[in-house]
Amino acid sequence: NVITTRKAESAPLYAEADKVRVPMQDVANLHTQLLEKAKEAEGTRLSGSLKKFAGMLKSGEDYKTSLRQLDIVKRQTRDIVTRSYRSGDNDTAKELDSALKVLSNSNGTGILEKSSDAYRQANRIFSDESSVIKALESGRKVLNADADEVMDSISNLSAAEKDAYIQGSVKASRDKMLSGNKFSNDLVRERMRNAFPDEETFKTFLASVER
């Protein structure tokens, strides 16, 4: 199980990161940015979601600065993003996801990652369950996706998300073959090569699809 394995691998790093305090000004600035965006989108679902995100950054009148607390905020907000996608509200999901990346981003530029190297490493291994599930679903659509979009999305996935993406892609490819349809290895190669650390690992994937 991808989630179980990668969660266990990242656990010691998250435990180390839990002791860190995030600069209060960084949290305050994000809070202000979210409320400003919510005001611009007043009357929409996005506005409500942004306000909820902003509200979770505070405990009473004080900003949360515990990295552990803010990681929980990240996970709760990620769940909102996932529910928005599933309900078909893609605009809200994309905007909220973009705002969430200011707090945490697997490329290392988020507030949480810049506050703790241990957290940055842990997040590259396993971010949250919703992200893994989303990556699995995206992998299942790989044969119909635009190649450039696939490359961009894969480059920012955590290790667990890449594992899930590959699993989804293998299933999609096998399903296509079982239905009697053919696909070109060149098509798969074009969309997925960046998900693999080296050419040998990628060839192993291609071989597994054809079994």
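Coordinate-derived values only; no laboratory data. The model shown is predicted, which means the values in this text are computed figures rather than measured ones. When we count neighbours, we look across all protein chains shown, and the Cβ atoms used for this are built from the backbone with ideal geometry, even at glycine.
Note down the nm distance, to one decimal, between modelled labels 7 Å out along Cα→Cβ at Lys141 and at Lys19.
So the label points at Lys141 and Lys19 sit 4.2 nm apart.
Based on the Cβ-Cβ distance of Thr4 and Asn90, what FRET efficiency does E = 1/(1 + (r/R0)^6) give at R0 = 25 Å, to the nearest 0.05?
Values: r = 30 Å, r/R0 = 1.19.
According to the calculation, E is roughly 0.25.
Rounded to the nearest 0.05, what FRET efficiency do Glu40 and Arg75 give with R0 = 22 Å and r taken as the Cβ-Cβ distance? Could you check? Before the final figure, lay out the partial values.
Working: r = 26 Å, r/R0 = 1.18.
Approximately 0.25, to the nearest 0.05.
What's the FRET efficiency of Gln33 with Asp62 using the Cβ-Cβ distance as r and R₀ = 25 Å, to the nearest 0.05? Present the calculation step by step, with values, prior to reporting the outcome.
On the way: r = 18 Å, r/R0 = 0.74.
In this case the efficiency is close to 0.85.
What distance in nm separates the two pseudo spin-label positions at Thr204 and Arg174, each 7 Å out from Cα along the beta-carbon direction?
It is 1.7 nm.
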